[in-house]
Structures are given as C-alpha cells and as structure tokens.
Amino acid sequence: MKAGRFCLRRDLVDQGEVPAAKAAFRNYFVTRGLERISQRVGYFAPKVGTHAKKVDVRELGSRWASCSPTGNLAFHWKCMMAPPRIIDYIVVHELCHMHYLDHSDAFWNEVDKVMPDFSERKEWLRKNGAAMDL
Ligand SMILES: [Zn+2]
C-alpha cells in the first residue's frame, strides 16, 4: 500500500507470484469492504425504509451486488475499487430492491427519492465498470 494504491512488488511479479498477490489484494478488499459497506448500508437503510438482515462482501462473478427477498445483501469485493459515491449508489440500488425486485419505474422512483443524482452515478458505473476488472 502506497498513497492509497496497491503496488505489486517487482520481485513477486518476477517470481510469477502474481496469483498470490491478487489473492492478498482481494482479501484486503473483502475485509475493508465489509466494514465500509456495512456502515453505508446502516446509513442508507433507514432512508430507504428497510433494513438488511445480513451484508456480505465476496466474489459475485459478473454482478456488482445482489439482494435476496429475505434481506440478505451481497456485494462484489470489486465495489471497493469504485469511488465512495459510486459505492453509495450500489448500496442504495440494492436496498431499493428490497421494496421492488425488478427495475420498474416504481423501483427507480424509490432510488430517486433517496439519491436524486443517481443517474449520473449509474452512468459512471456503466462507463467505468468494465475497466475495474483486475
Ligand atoms: Zn438492480
């Protein structure tokens, strides 16, 4: 860690230990993500008028986050590579799914109530999401 960014150690790269470095990188984001995202869920849940039973940060394949009807939220550890305001958008998006499990107008209306500038954040994620792959 240097100035908030990860730098792969040159000797590890030369020894072909990049997979180990990647695992360390991922574990760091899972741990930090649980702290940060749980805190943001706690902040936004009352605003959305809901509460999450469980928050998990893990590998989620191609999805940023998922929400079960029973109130379990899961976030991809890669969310932690996004700016805080984008993480907030992902959190609000998932919390609103606890009211509406689809992307209907009613759902977006719910997101808009809590985060009126959500479309700009949504656009950021659409444009930059792919580049966040490790
Ligand atoms: Zn959604």
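Any read-out appearing in this document is the output of simple, stated calculations on the displayed coordinates, not a laboratory observation. This one's a predicted model, so the numbers in the text were calculated from it and none came from an experiment. As a convention, Cβ positions derive from the backbone with ideal geometry for all residues, glycine included, and neighbour counts pool all protein chains shown.
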| remark: The answer for chymotrypsin sites (Phe, Trp or Tyr not before Pro) in the stretch 77-134 that fall in a DSSP coil and have at most 15 neighbouring Cβ atoms within 10 Å is Y100
| said: Considering only C-alpha atoms, what is the centroid distance from the stretch 20-59 to the stretch 62-134, in Å? | reply: 13
| query | With each pseudo-label sitting 7 Å past Cα toward Cβ, what's the W108-S62 distance in nm, one decimal? | reply | 2.2
| message | Just to confirm a number: summing +1 for Lys and Arg and -1 for Asp and Glu over residues other than V91 whose beta-carbon lies under 10 angstrom from that of V91, what do you get? | response | 0
| remark: So R126 and N72, fully extended at 0.36 nm per residue minus their Cα-Cα distance, gain in nm 17.0 nm
